1. State whether the residues of the range 51-70 include one that is within 30 Å of E5 (Cα to Cα) and out of contact with any Asp or Glu (no Cβ under 7 Å at 6 or more places or on another chain).
2. Picking from S25, S68, which residue would you name as being under 25 Å from M131 (Cα atoms), at pLDDT 95 or above, loosely packed, with under 12 Cβ neighbours inside 10 Å and among the hydroxyl-bearing types (S, T, Y)?
3. Within the range 79-89, is there a residue that is in contact with a Ser or Thr (Cβ under 7 Å, 6 or more places away or on another chain) and over 30 Å from T140 (Cα atoms)?
4. Restricting the search to the range 34-49, which residues are among the aromatic types (F, W, Y), surrounded by 12 or more Cβ atoms within 10 Å (Cβ to Cβ) and farther than 19 Å from N67 by Cβ?
5. Being of a type in the set (S, T, N, Q) and free of Cβ contacts under 8 Å to residues at least 40 places away in the same chain is the filter; apply it to the range 119-151 and report the residue that is surrounded by the most Cβ atoms within 10 Å (Cβ to Cβ).
6. Among the residues of the range 90-118 satisfying the criterion of being buried (at least 21 other Cβ atoms within 10 Å of the Cβ) and of a type in the set (A, V, I, L, M), which is farthest from L79 (Cα to Cα)?
7. Among the residues of the range 1-55, write down those that are in contact (Cβ under 8 Å) with a residue 24 or more places away in the chain, over 30 Å from V89 (Cβ atoms) and of a type in the set (V, I, T).
8. Going through the range 106-126 one residue at a time, which ones are assigned to a loop (DSSP other than H, G, I, E, B) and farther than 17 Å from L57 by Cα?
Amino acid sequence: MAGMELPREYGYVVLVLVLYTFLNSWMASKVGRARIKYKVPYPTLYAIESENKDAKLFNCVQRGHQNSLELMPVFFAMLLLGGLRHPLVAAGFGIDYTIARFFYFTGYSSGIPENRLKMLGLRIVPFFGLMSLSGLTICTVSFGINILGLH
């Protein structure tokens, strides 16, 4: 791998990563606003329903962001590594995943947890998220196989 040159198209992979970080920042700001609106002070991670009548509403916003944070390291690793061999394909899967995460978060933060699974009224968010991560995983496996010379 010494002397490996990045493909020009890898720039798309980088831009998708930046787009996702903007999405993550936007989700974090929504959680911050929800803390104020529903009176959930730091360092409380989740509100307790017996102590706060709006606990479910806050928890839905918080959980939507938290789930995205939990999956972010896997997404970033697969995007960046898989994109080294397949930059356009990885960037495409990355855009799809980012869109799925947007709908997951907006659906969840509606206060109706089942809405996290819907995109444009259809129950397809899990499909797009899983398809995108699976595609990125295949790109990353292909990259590893290529490095080993097993292709």
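The values are calculated or read from the model by the stated rules, or taken from the named source; none is laboratory data. On a predicted model such as this, the values are computed, not experimentally measured, just so you know. Positions of Cβ are backbone-derived with ideal geometry, glycine not excepted, and every protein chain shown enters the neighbour counts.
1. First, the residues of the range 51-70 that are within 30 Å of E5 (Cα to Cα): none.
No: the range 51-70 contains no residue that is within 30 Å of E5 (Cα to Cα) and out of contact with any Asp or Glu (no Cβ under 7 Å at 6 or more places or on another chain).
2. On the way: S68 fails: loosely packed, with under 12 Cβ neighbours inside 10 Å.
Among S25, S68, only S25 is under 25 Å from M131 (Cα atoms), at pLDDT 95 or above, loosely packed, with under 12 Cβ neighbours inside 10 Å and among the hydroxyl-bearing types (S, T, Y).
3. no
4. As a first pass, look at the range 34-49 and keep what is among the aromatic types (F, W, Y): 38, 42, 46.
Cutting the leftovers down to surrounded by 12 or more Cβ atoms within 10 Å (Cβ to Cβ) gives us 38, 46.
Selection gives nothing.
5. First, pick out the residues of the range 119-151 that are of a type in the set (S, T, N, Q): 132, 134, 137, 140, 142, 146.
Now drop any that are not free of Cβ contacts under 8 Å to residues at least 40 places away in the same chain, which leaves 132, 134.
Working: S132: 24, S134: 12.
Within the range 119-151, the match that is surrounded by the most Cβ atoms within 10 Å (Cβ to Cβ) is S132.
6. A100
7. Matches in the range 1-55: V31 only.
8. Just the residues of the range 106-126 that are assigned to a loop (DSSP other than H, G, I, E, B), to begin with: 109-112, 118, 120-121, 123-124.
K118, L120, G121, R123, I124 - these are the residues of the range 106-126 that are assigned to a loop (DSSP other than H, G, I, E, B) and farther than 17 Å from L57 by Cα.
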